[in-house]
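Reading through the structure tokens given below for one structure.
Derivation of every value follows stated rules applied to the coordinates shown; laboratory data play no part. The model shown is predicted, which means the values in this text are computed figures rather than measured ones. Cβ atoms come from the backbone with ideal geometry, glycine included; neighbour counts cover every protein chain shown.
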Amino acid sequence: MGWTMHGKCPKCEKTLSYVNVDAIDAKDGPRSWKAVSYNCPYCSSVLSVAIDPLALKADTVNEILKGLGRR
Ligand SMILES: [Zn+2]
């Protein structure tokens with residue numbers, strides 16, 4: 001991710017000292033992942049979206065356990 005936490009909002013051009021984080025779903029056809037969006041606190045425009053690394057890790061572990069036939 002090349003976006004810096006102390007950049008300017010590209011929409012309202014205010015300097016950002018923090019961003020709001022919202023939980024969202026990322027979907028690709030039938031598959032979906034937990035994801036987070038980073039929003040400007042001034043104008044609420046979405047600055048960036050990322051797959052939630054913790055949720056992704058949990059999902060990966062579940063897939064591995066399923067593959068081992070333990071669930
Ligand atoms: Zn903004």
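When you have a sec, figure out the Kirkwood radius of the chain from all distinct Cα pair distances and drop it here in Å to one decimal?
14.0 Å
Straight-line cross-link reach from Lys57 at under 16 Å between alpha-carbon atoms covers these lysines, not counting any fewer than eight positions away in the same chain: Lys34, Lys66.
Per-peptide packing, taken as the mean over residues of other Cβ atoms within 10 Å, places 40-48, 60-68 in the sequence 40-48, 60-68 from highest down. Computed about the Cα centre, the dipole magnitude for the chain is approximately 160 debye when only Lys and Arg (+1) and Asp and Glu (-1) carry charge, each at its Cβ. Seen against the Cα atoms of the chain and their longest principal axis, helix 53-67 is set at about 10 degrees.
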